[in-house]
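In what follows, a single structure is set out as structure tokens and then discussed.
The values are calculated or read from the model by the stated rules, or taken from the named source; none is laboratory data. Predicted, not measured: the structure shown is a model, and the values here were computed from it. Methodologically, a virtual Cβ is constructed for each residue, glycine included, from the backbone with ideal geometry; neighbour enumeration extends over all protein chains shown. For accessibility, only protein heavy atoms count, side chains too; no ligands or nucleic acids. Shrake-Rupley method; radii C 1.70, N 1.55, O 1.52, S 1.80 Å.
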Amino acid sequence: MDKHDKDTDSNLLSSTAKGASYLIMLQFVSRILTFSLNQIVLRFISAETLGIASVNLELLASTILFISREGFRSALIRTSGDNNTHSKNTSSSTQQQIINLAYIPTFIGLLMTLLTCSYYLSTITESDSLKYPHYRTSVVLYGIGSFIELLVEPLFILALNNLYFKLRVSIEGVAVFLKCTVTFCFTLYGGKEYSILSFALAQLSYGLVMMVGYVGFFLLQIRKKKMESVQQLIPQPIRKSSNEGTYYFDEVLLHLGVTMTKQSLLKHVLTEGDKMLISALSTLQDQGVYAFVVNYGSLVVRILFQPLEETGRTLFSKLHASNHNTPNEGPKTAANVLMIIIRLHVLLGYIFIFFATNYTTTLIDLLGGKSWSINTNAPAVLSVYCMYVPFMGINGITEAFVQAVATKQDLSRLSYYMITFSIIFMVSGFIFMYMLNLGAIGLVMANMVNLGVRILYSWNYIEMYFKTSGILLSVTQWFPHLATTLSFILSWVVTYWSKSHIGWYTLQQKMIHIAIGGAMFMMVSSVILWKERVLINDIRILLKKKQT
């Protein structure tokens, strides 16, 4: 591997590691704000209202956004973009290809917004409208807010390809803050009548900030002469290299985007299938309880896992697209980073499985009160959700890798497997929720089955991919040292005994229970520092690349 290749990979690692830190910071702030907001809002709204806002309306927005943009977004970040391996003309042509194709999600989004909002409005009865004021208006506002986000999708993709992570953090940070403020104010001062509307106005505010932020940034770039004109931000004909005519869409990228968009239909069912199932098989009361649990269970997932998945996908895409004089150097770098992230996910998963499962009742009692910790099965649902967390982390990064490096044929084949995964998930959900009557617990278990099957498929692909480069990977490489695993098991036994015999009902019992957990966590941390030195050193090296 020559010096240029080393510098290229080093820059990619540095940029994406820095991007990961920015996105983790964004997710941390946004989730903490949202989490804190929900703790206050929960005391002013009913479980039914929470179910409508956090399940039904959020499903509406995610359906519009995910199906419209996910496929083309994944396809367009696979391009090598404006890097040093291209001439200036080639880079300009590549960027215009990206811009032209990036407008397709906007047009898809217009159709999706009209279809989904029309369907949702048709399901709202007159009694629903009377019982939940402004329900129909909220559906329309959620649709408008989502479509506004899609209007600036071309600018988002352009920023992502240029690794403008700090820009994204700044804009989304302001958007999240305003969204939380709007929800809080309208819920607190508007009363029950405006409780649903407050969530819709917040979603609209979020979309407006996203539009103003990205449009303002690129107009400022033009004003500073860093871009020539607005023409670079709108679709333009591209001259062929042979100077024989022009074209608007690169056929390879267009086909890839269409293929990934088809997959996104199935992936959306797999990703949001829990909301679809609970909407179909449960009451609004049950949906509210599930939303309550997800608010706690997804906190760390959104803060840490989602940024790792997004930056990992960008890194793997760039490494795959980079040219190397030494053929195996790119795959070696990708394999090392992939295994570091998976091992980190396993360790984090151990914390959730062996520690968090014995503290869900204490947490809910402290933050939600006795009405949630005693009068509902929320603690049991949250405990099962903790066991589901590592599935989400590992599936996210393995699927991100597959999407980043898969060929068109592989992606087409994956579409058929997605159909199978969807069927497995739906059947599992029906068995657990309806036949076994496990409710929200059954829904989480169905998700575990779903992600387990998807992880098996992705890992099999990853093993075959690296095997062609002479790199052998194994599932056994995921797991920590046996001593680390045993220390976690011992901690679970001790904290379970503490929960059962010392209890959590009074404040004194809670303090003792938490203190015991803290002592066991310190013991586990000592074992990790002793036995996981290789992983810690690998993470330290990766972070150093970020700083250089």
What are the extents of the Cα atoms of region 195-307 along their three principal axes, in Å, largest first? 63, 34, 28
Given region 451-548, what count of lysine pairs have C-alpha atoms under 29 Å apart, with each pair 8 or more places apart or on different chains? 9
Two-site label geometry, Y416 and L115: point separation in nm, points 7 Å out along Cα→Cβ: 2.4
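Using the heavy atoms of the protein chains alone and a 1.4 angstrom probe, what is the accessible area of the chain per residue in square angstrom? Can you show the working numbers first?
Details: 24670 Å² over 548 residues.
So the chain comes to 45 Å² accessible per residue, rounded to a whole number.
Please list 182-189, 482-489 highest first by mean number of surrounding beta-carbon atoms within 10 Å per residue. Could the numbers behind the result be given before it?
On the way: 182-189: 18.2, 482-489: 15.6.
Output ranking for 182-189, 482-489: 182-189, 482-489.
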Once every Cα of region 389-447 carries one equal point scatterer and solvent is ignored, give the base-10 log of I(q)/I(0) from the Debye formula at q = 0.17, 0.18, 0.28, 0.29 Å⁻¹, two decimals. -0.69, -0.74, -1.05, -1.07
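Taking R0 as 25 Å, what's the FRET efficiency between W530 and S474 from their Cβ-Cβ distance, rounded to 0.05?
Details: r = 24 Å, r/R0 = 0.95.
Between W530 and S474 the formula returns 0.60.
Divide the volume of the convex hull of the Cα atoms of region 441-548 by its number of residues and quote the answer in cubic angstrom per residue.
On the way: hull volume 19.6 nm³, N = 108.
Residue-normalised Cα hull volume stands at 181 Å³.
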Dimensions in Å of region 484-523 - Rg and Dmax from alpha carbons: 10.3, 33
Kirkwood-based shape ratio for region 67-226, expressed as Rg/Rh from alpha carbons: 1.08
What are the residues whose amide H is under 5 Å from the amide H of I238, where those residues sit 5 or more places off or on another chain and H is modelled from the backbone? Y247, Y248
Virtual paramagnetic centre 7 Å along Cα→Cβ of K240, amide N under 20 Å, in region 96-117: 96-98, 100-101
Karplus couplings for region 249-258 from phi (6.51 cos²θ - 1.76 cosθ + 1.60, θ = phi - 60°), rounded to Hz, Gly and Pro as x? 10, 5, 4, 5, 5, 5, 5, 5, x, 5
Listed by chain and number, the aspartates and glutamates with an alpha carbon less than 12 angstrom from that of K240, same-chain partners under 8 positions apart left out, are D250
Based on alpha-carbon positions alone, could you give the equivalent ellipsoid semi-axes of region 439-485 from the gyration tensor, as √(5λ), descending, whole Å? 28, 18, 4
Per residue, what volume in Å³ does the convex hull of the Cα atoms of region 354-453 enclose? 104
So what is the relative contact order of region 341-482, in percent, for Cα pairs below 8 Å that sit 6 or more residues apart? 29
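In percent, how large is the relative contact order of the chain, given Cα pairs closer than 8 Å and 6 or more residues apart?
Working: 693 pairs, mean separation 114.3, N = 548.
With pairs under 8 Å counted, the relative contact order is 21 percent.
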Quick one: which residues, 5 or more positions from M227 or on another chain, have an amide H under 5 Å from its amide H? H modelled 1.01 Å from N in the peptide plane, none for Pro or chain starts. I222
Could you rank the peptides 357-369, 46-58 by their average count of other C-beta atoms within 10 Å per residue, with the highest value first? 46-58, 357-369
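With the full set of protein chains in place, find how many percent of the accessible area of the chain is carbon and sulfur; take the probe as 1.4 Å. It would help to have the intermediate numbers written out before the result.
Values: 15850 of 24670 Å².
For the chain, the apolar C and S fraction of the accessible surface comes to 64 percent.
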Please provide three numbers in whole Å: the alpha-carbon extents of region 324-386 along the principal axes, with the largest listed first. 64, 17, 16
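Could you calculate, for region 175-253, the ratio of the Cα radius of gyration to the Kirkwood radius, expressed as Rg to Rh? All intermediate terms of the calculation are to be shown ahead of the outcome.
Numbers: Rg = 21.0 Å, Rh = 16.2 Å.
My calculation of the ratio gives 1.30.
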Rank-order 384-394, 223-233 by packing density, defined as the average count of other C-beta atoms within 10 Å over each peptide's residues, highest first. 384-394, 223-233
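How many times 2.2 N^0.38 Å is the alpha carbon radius of gyration of region 108-198? Don't jump to the answer; show the numbers that get you there.
Values: Rg = 16.5 Å, N = 91, 2.2 N^0.38 = 12.2 Å.
Ratio of Rg to 2.2 N^0.38 Å for region 108-198: 1.35.
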